[in-house]
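A.B. asks: Dropping a structure here in structure tokens format, bear with me for questions.
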Amino acid sequence: MKSVMETYKRTDLAPVRGHGSWLLDERGERYLDFVAGIATNSLGHGHPALVAAIKGQAEKLVHCSNLYEVPLQAEVADMLTSSTGFDRVFFCNSGAEAVEAAIKLARKHAQESRGPEKHEILTFTKSFHGRTYGGLTATAQTAYHQGFGPMLPGFAYAPFGDLEAAREMVGSKTAAILVEPIQGEGGVNPAPEGFLAGLRELCDEHGALLIFDEVQTGAGRTGHLYAYQGIGVVPDVLTSAKGLGGGFPVGAMLAKEEHAVFVPGDHGSTFGGNPLAMAAVKAVLGVVDDPAFLEEVRFKGTILKNALTVLAGRVPGAQVRGEGLLLGLDLGDAELAKGVYERCVEQGVLFNLAGGTTVRLAPPLTVTRTEIRHALDALRAAVGDLAVPVPARPQRAVA
């Protein structure tokens, strides 16, 4: 790997094949994958519908320019709009690109309706919106900014979950509020009750767009096609990627008709919406966008969350957060979390860390209940070996 630029802190694990919820390395060792490409392999590895779609499309047409009509792109856009409250879709290649498109759309919409002074984007602490300069600036974590300054102007940050702080920062200059319904990289932090509804009211009051970053929570991850559908707060713009392509690179920005102000030349992408990516998305939606499938995701998420809650009760200060199959076990200590992660790898189960102290669980949506039990057994053993247990309550003497 000496010729590869070192932008990742990699483990020694080198997967070469995958099947279902399992990865196999070059030595033939098997690992139960509860990372799923960081909530990306929504159908697991080697799902027959996804494989067939990609193979079949590759034999027909891999890429053509957006200078021409792309029938499969129109078909997939219709699938997304019919399953959501949105009217228009812009296709790109990643979550960061989808966020960039949303920022540009919000600023153009604001300037056309209110003038150039209305340009500010409000985001929140512990957020993550990508590595491009727009997404990086929107990411309100200084650790990601170090060495890359100055950040772009026109962004403001408020504490995540603090509606009063957001209210003080929203005004005539605010073009949009950008927020994750559940923060993924920040430690699997769901928005507190009433927070997103309050942001909706603030946007309506000030003529700003509400943008949900559903790059990690979308494509069925929470047991709904998109998390907002289970929350009951409808954004004006939504970003999607990761699980949308089941592992194939794709991103999408969805918007309401009245906010879709882009015209030819305003934005674009060479590879966005290419036939191969659209075939992958169509296959994923064909499996995931089904009420019975999503109900099963919610059910498996409940099983997993309940078991994690019992486990957290054995560790002082531990918490469980998240919804569906995007869950975090916050152990409250970075060294403990790292130790648990490493011990699980030794046992052949892959989790990853988010927010420093949180073990994140984001298995394929197709994970079986037996595989969930297997992952829980490994996690229980690791926590039991490494954590200081909660002291038992003293027993009262019997008279």
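The values are calculated or read from the model by the stated rules, or taken from the named source; none is laboratory data. Quantities reported herein were computed from a predicted structural model and do not represent experimental measurements. With ideal geometry, Cβ positions are generated from the backbone for all residues, glycine too; neighbour counts draw on all protein chains shown.
A.B. asks: Please tell me if residue 107 is basic (Lys, Arg) and either crowded, with 22+ Cβ neighbours inside 10 Å or modelled with pLDDT of 95 or more (or both).
C.D. replies: yes
A.B. asks: Please specify each residue of the stretch 1-44 satisfying the condition of being of a type in the set (D, E, K, R) and under 22 Å from residue 284 (Cα atoms).
C.D. replies: Scanning the stretch 1-44 gives 17, 33.
A.B. asks: Here's a follow-up. For the condition touching a residue at least 40 places away in the same chain (Cβ under 8 Å) and either under 20 Å from the mean Cα position of the chain (by Cα) or under 25 Å from residue 45 (Cα atoms) (or both), what is the one hit in 387, 375, 307, 382?
C.D. replies: Only one candidate qualifies: 375.
A.B. asks: Right, something else. Among the listed residues 334, 382, 292, identify the single one that is crowded, with 17+ Cβ neighbours inside 10 Å and modelled with pLDDT of 95 or more. Reasoning before the result, please.
C.D. replies: On the way: 334 fails: crowded, with 17+ Cβ neighbours inside 10 Å; 292 fails: crowded, with 17+ Cβ neighbours inside 10 Å.
Of 334, 382, 292, the one residue that is crowded, with 17+ Cβ neighbours inside 10 Å and modelled with pLDDT of 95 or more is 382.
A.B. asks: Here's something else I'd like to know. Would you check if residue 152 is surrounded by fewer than 22 Cβ atoms within 10 Å (Cβ to Cβ) and either of a type in the set (A, V, I, L, M) or farther than 24 Å from residue 253 by Cβ (or both)?
C.D. replies: yes
A.B. asks: Go through the stretch 244-290 and count every residue that is in contact with a helix residue (DSSP H, G or I) (Cβ under 7 Å, 6 or more places away or on another chain) and at positive phi.
C.D. replies: Matching residues across the stretch 244-290 total 3.
A.B. asks: Now a separate question. Within the stretch 119-188, which strands (runs of 3 or more DSSP E) (wholly inside it) include 2 or more residues that are within 23 Å of residue 93 (Cα to Cα) and in contact with a helix residue (DSSP H, G or I) (Cβ under 7 Å, 6 or more places away or on another chain)?
C.D. replies: 120-124, 174-179
A.B. asks: If a residue must be farther than 17 Å from residue 59 by Cα and within 19 Å of the chain's Cα centre (by Cα), how many such residues does the stretch 249-280 contain?
C.D. replies: So the count comes out to 7.
A.B. asks: Given (1) of a type in the set (Val, Ile, Thr); (2) part of a loop (DSSP other than H, G, I, E, B); (3) under 20 Å from residue 180 (Cα atoms), identify the lone condition not met by residue 239.
C.D. replies: Residue 239 satisfies every listed condition except (2).
A.B. asks: Return the pair list, or none, for Cβ contacts closer than 6 Å from residues in the stretch 130-141 that are assigned by TED's automatic domain parsing to the domain that holds residue 251 to residues that are buried (at least 17 other Cβ atoms within 10 Å of the Cβ) and assigned to a loop (DSSP other than H, G, I, E, B), at least 6 apart or on different chains.
C.D. replies: 135/129; 138/129; 139/127; 139/128; 139/129; 140/127
Yes or no, residue by residue, for (1) at pLDDT 95 or above; (2) touching an Asp or Glu at 6+ places or on another chain (Cβ under 6 Å); (3) buried (at least 22 other Cβ atoms within 10 Å of the Cβ); (4) among the charged types (D, E, K, R):
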site	(1), (2), (3), (4)
166	yes, no, yes, no
171	yes, no, no, no
183	yes, no, yes, no
193	yes, no, no, yes
199	yes, no, yes, no
204	yes, no, no, yes
209	yes, yes, yes, no
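A.B. asks: Here's another thing I want to ask about it. Search the stretch 110-135 for residues being of a type in the set (S, T, N, Q) and farther than 25 Å from residue 191 by Cα, and hand back the single one that is surrounded by the fewest Cβ atoms within 10 Å (Cβ to Cβ).
C.D. replies: Step one: filter the stretch 110-135 for residues of a type in the set (S, T, N, Q), giving 111, 113, 123, 125, 127, 132.
Within this subset, residues satisfying the condition of being farther than 25 Å from residue 191 by Cα are 111, 113.
On the way: 111: 15, 113: 13.
Restricting to residues being of a type in the set (S, T, N, Q) and farther than 25 Å from residue 191 by Cα, the top hit is 113.
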